[in-house]
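Engineer: The following block contains the structure, expressed as structure tokens.
Where a number appears in this text, it was derived from the coordinates with a stated rule and is not lab data. Keep in mind it's a predicted model, so treat the numbers as computed, not measured. Here the Cβ positions follow ideal geometry from the backbone for every residue, glycine too, while neighbour counts run over all protein chains shown.
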């Protein structure tokens, strides 16, 4: 870790110690808990496969815009 990064960490720590409002402290804690939780996004094999499929679809242009999908839904509803 560089000295600039260490200085930044110390600056953040010092600012946190000066905080008076508990709401802000809780939000910072939530953010840190989320960032430091290594198990936050453990995906199943099925989820990983679906994400890979979605990325391939996106790369191949096999996607629809929000407007296109809404038009299709509107058309479908009119047919009902």
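Engineer: Report, in deg cm²/dmol and to the nearest 500, the calculated mean residue ellipticity at 222 nm for the chain, where each DSSP H run with n ≥ 4 adds -39500 (n - 2.57) and the sum is divided by the residue count.
Structural biologist: That comes out to -24500 deg cm²/dmol.
Engineer: How many percent of the alpha carbon pairs in the chain exceed a separation of 17 Å?
Structural biologist: 74 percent
Engineer: Now for a separate question. Modelled label-to-label distance, residue 1 and residue 47, 7 Å Cα→beta-carbon offset: nm?
Structural biologist: In this crude spin-label approximation the distance works out to 2.9 nm.
Engineer: What ranking do 29, 45 get, fewest neighbouring Cβ atoms within 10 angstrom at the top?
Structural biologist: Values: 29 11, 45 7.
Placing the least packed residue first, the sequence is 45, 29.
Engineer: Compute a Gaussian network model of the chain, connecting alpha carbons closer than 10 Å, and tell me which residue from 35, 57, 11 fluctuates the most.
Structural biologist: Top of the fluctuation ranking is 11.
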